[in-house]
Amino acid sequence: AMADEPNLPWQSEAQFPEKRRLTDASWAFGVTASSSELDACGATFVQIRLEHEAVHAGRRGGRPTASCLEHVVELNVSQFYQLLHGLEKAKASFSAT
């Protein structure tokens, strides 16, 4: 991964071996009002909150269990547009089939 790419929680299947279903998503734009770094003040960012239900297979033939998980990710504007571009490509590939 490149240094400016976000480390997004949904990028690694190894982190989440269970089945997942997105149940809610929200986003907000923000501006950094204060920081110990002068260049960071006034920087814009996008905060994305993803809520999903994870279904874990039951152990030894037991019943599956479900849990709700939430991930909050902050992206700079460039990272947000990279994510948006990837989602548009994914949507196009699903629409083409």
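The values are calculated or read from the model by the stated rules, or taken from the named source; none is laboratory data. Here the structure is a predicted model, which is why all the values come from computation and not from measurement. Glycine also receives a Cβ, built like all others from the backbone with ideal geometry; neighbour counts cover every protein chain displayed. For the accessible areas, the whole protein counts, side chains as well, though only heavy atoms, and no ligand, DNA or RNA atoms are used. Shrake-Rupley method; radii C 1.70, N 1.55, O 1.52, S 1.80 Å.
Structure data summary
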read-out: Meets criteria (surrounded by 13 or more Cβ atoms within 10 Å (Cβ to Cβ), modelled with pLDDT of 85 or more and closer than 18 Å to R20 by Cα) for E74; value: no
read-out: Residue check for S12: polar (S, T, N, Q), open to solvent by less than 60 Å² (accessible area, probe 1.4 Å) and either at pLDDT 85 or above or over 17 Å from the mean Cα position of the chain (by Cα) (or both); value: no
read-out: Every residue from the stretch 70-86 that is assigned to a strand (DSSP E or B) and closer than 20 Å to H52 by Cα; value: E70, H71, V72, V73, E74, L75
read-out: Selection count where residues are surrounded by 10 or more Cβ atoms within 10 Å (Cβ to Cβ) and part of a strand (DSSP E or B), scope the stretch 24-44; value: 8
